[in-house]
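Scroll down for the structure; my scribbles are underneath it.
The values are calculated or read from the model by the stated rules, or taken from the named source; none is laboratory data. Since we're looking at a predicted model, the values are computed, not measured. Cβ sites come from the backbone with ideal geometry, for glycine too, and all protein chains shown count toward neighbours.
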Amino acid sequence: MLRWAILFMVLMAHPVAAQTLGGLARIDPDKSMARDGLFDTAQVTLQLSQGVPYRVFHLTDPNRLVLDFKELDFTGLLPEQFIKSDHILAMRYGSLGTGWSRIVLDLANPMLADDIGLSVADNGGGATLSFRLALVTEQDFVASSGAPDKTERQNLPLPSITYSPDQNDQDILVVLDAGHGGLDPGAMSGTLKEADLMLLLVRDVREAILRFDGMSVALTRDADHFVSLEERVSMAYDLGADVFISLHADAVTEGVARGVTVYSLSDNATDQASALLAARHDRDELLSGVDLSDADDEIANILIDIARTENAPKIKRLATELIKGFKSQSVGVNSRPHRRAGFSVLKAADIPSVLIEAGFMSTGNDLKNLQNSEWRQKFAAGLAQGIVTWVQAEDILAPQVRQ
Ligand SMILES: [Zn+2]
């Protein structure tokens, strides 16, 4: 049985088009649309400036259609303008960061793409990708759905690594993870995206940490592209991270939350708000692409439990030092600054990992701080001081302040 409908086409750009256009393929928002067709179908058309390799697959729970393209420029594409069919509930798009872009369509009903074709105009007039969405039974949809093979991930490039000038193998490697990115903007406030604010913040934190000798830093992303939670964790493993720090600034829907909060992993969240936040994060992952539901086998679980138990006191001390660091810079912390929750991104069993909510985009003052470069630098200095104090206390290696 065809587990996932994948169409992978490499089209040679027309010579004229290649000369005149070149570079990134653009989507034409005015000629791209999903509209209702006859007999409960929908017709999807995407007008591109040139032919590009692409693939189509479906995912369940919720039912989605995923379109991957060789890097596309989406400028001007508006979901409300694109969606002219009741069969499509929502649309997200963005860069996957590996030279690929993705569009995700949330489907109101189980519908599979057929009649998929990409035609390239002879006269350099671009390319048209079109397909039909046809209603099928839920069973048929499930049977035809699934993510492409994970081995594709192995071809992903490593993130950009910044070493301090006298870097050596003995350096403490901090992997900094700017939350969200690409088709997953994170929390939004007007046109402000959590993903963008975290990228600014993570760069300041990198600079602050590199002011200490014996410290090096790697970023899980240094641009606005999508990185799955699983990839973030596996990057930390592949690079041999000594500590992993994920930065966020989510919005809360209930109550008021303000100030910096440091989260460490727990199977049971210490409070309902933390549980909700963690569930939302994992949901973001589910919505944006491939889910993480692969069950670990039992032995792996036991090993992970042991590693987590050994790490728990270390992580607690890390959280304590980070909070002290923020306070030393007069960065406001939450009334309960250390909390625990089951964030997927913290599940690297043997790398001490924390997730920091630098503030809440739903809180006016926090939002103002996040946009203020002076505040970001204080936050970065506090975080760097916290890590370095922790590293010294743990006696992993003693970094010194550069003269
Ligand atoms: Zn977030």
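Here are the numbers for the structure shown:
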{"item": "Scope the stretch 32-58; condition in contact with a strand residue (DSSP E or B) (Cβ under 9 Å, 6 or more places away or on another chain) and free of Cβ contacts under 8 Å to residues at least 60 places away in the same chain; matching residues", "result": "S32, M33, R35, D36, F39, P53"}
{"item": "Qualifying position, being of a type in the set (D, E), part of a loop (DSSP other than H, G, I, E, B) and either in the same structural domain as L370 (by TED's automatic domain parsing) or within 14 Å of the ligand (Cβ to nearest atom) (or both), among D222, D196, D204", "result": "D222"}
{"item": "Selection status of P110, without any contact (Cβ under 8 Å) to a residue 24 or more places away in the chain and assigned by TED's automatic domain parsing to the domain that holds D30", "result": "no"}
{"item": "Residue satisfying condition, being modelled with pLDDT under 90 and more than 30 Å from S234 (Cβ to Cβ), within set R336, R340, R308", "result": "R336"}
{"item": "Count - residues of the stretch 110-144 that are within 17 Å of A42 (Cα to Cα), in contact with an Asp or Glu (Cβ under 8 Å, 6 or more places away or on another chain) and not in a strand (DSSP E or B)", "result": "1"}
{"item": "Whichever residue in the stretch 25-42 is in a strand (DSSP E or B) and small (G, A, S) and, among such residues, is nearest to P110 (Cα to Cα)", "result": "A42"}
{"item": "Only listed residue being of a type in the set (D, E, K, R) and more than 13 Å from the chain's Cα centre (by Cα), chosen from D177, D196, D222, D250", "result": "D250"}
{"item": "Qualifying residues in the stretch 233-267 (those that are over 19 Å from V174 (Cβ atoms) and of a type in the set (S, T, N, Q)) - the one modelled with the lowest pLDDT", "result": "S266"}
{"item": "Tabulated pairs, the stretch 362-381, first among the polar types (S, T, N, Q), second surrounded by 13 or more Cβ atoms within 10 Å (Cβ to Cβ), C-beta under 6 angstrom, 6+ apart or interchain", "result": "S362/A251; S362/V252; T363/R258; N369/G359; N369/W375; Q377/D204"}
{"item": "Answer from G190, G240, G181, G214 - the residue that is within 14 Å of the ligand (Cβ to nearest atom) and in the same structural domain as P352 (by TED's automatic domain parsing)", "result": "G181"}
{"item": "Checking L318 against (1) among the aliphatic types (A, V, I, L, M); (2) within 16 Å of the ligand (Cβ to nearest atom); (3) at pLDDT 65 or above, the condition it does not meet", "result": "(2)"}
